[in-house]
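Heads up: the structure comes next, in structure tokens.
Only the coordinates and a few stated rules stand behind these numbers; no lab work does. Treat the numbers as computed from the prediction; the structure is a model and nothing was measured. Methodologically, a virtual Cβ is constructed for each residue, glycine included, from the backbone with ideal geometry; neighbour enumeration extends over all protein chains shown.
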Amino acid sequence: MSSVAEGFSINWIKMKDYETGTILWEHQSAWDLDSLIEAHVPKSILQCRAVSREINFSSKQAIQQFRLVQYVKLLGQLLEEWTFEFGFVIPGSENNWEQVIDAAPPDEMLPAEVLSGNIIIETCFYDDDELIHRSSVKVFYD
């Protein structure tokens, strides 16, 4: 494991309705490398036009080209892949990073009953091409 990876941590994450700012899900503790977290979110998140994801992270080392790639998998099959660029991270810093994710059109959205428990969102954090952290969330719609 590189020194960048050893000094990197995801401290918490929040998912919000982008239009109202209402928090729909949050995980308020650190994520271990290669962890799988279960998220119980309200079905209403599927009705949002856009969702805001806020990630709080810390890095002991400088990160030159911080980015993340997110893979959305249904029953193990890749449905979507998104890439978000952050850029330079100051060594010894704690940062908040917010991304806005636009929803699929309503006629393309799968129902909560099909998605619940069958969706895994894998998020990989990189310094350029070097993987420094990976975590996964299994999503249940309540």
Return the label of the correct value of log10 I(q)/I(0) by the Debye sum over Cα atoms at q = 0.09, 0.14 Å⁻¹, as calculated from the structure shown, out of [x] -0.35, -0.70; [y] -0.27, -0.66; [z] -0.38, -0.82. [y]
Applied in sequence order to region 13-20, the curve 6.51 cos²θ - 1.76 cosθ + 1.60 (Karplus, θ = phi - 60°) yields integer Hz couplings, x standing for Gly and Pro, of 8, 9, 10, 10, 5, 4, 6, 9
For region 134-142, Karplus couplings with θ = phi - 60° (6.51, -1.76, 1.60), whole Hz, Gly/Pro x: 9, 9, 10, 10, 8, 9, 10, 9, 9
Go through region 49-59 residue by residue and turn each phi into a ³J(HN,Hα) via Karplus (6.51, -1.76, 1.60, θ = phi - 60°); whole Hz please, and just put x for glycine and proline. 5, 8, 10, 9, 10, 10, 10, 9, 9, 10, 9
Which of the peptides 36-49, 57-70 is most tightly packed, and how do the rest follow, going by the mean number of other Cβ atoms within 10 Å of each residue? 57-70, 36-49
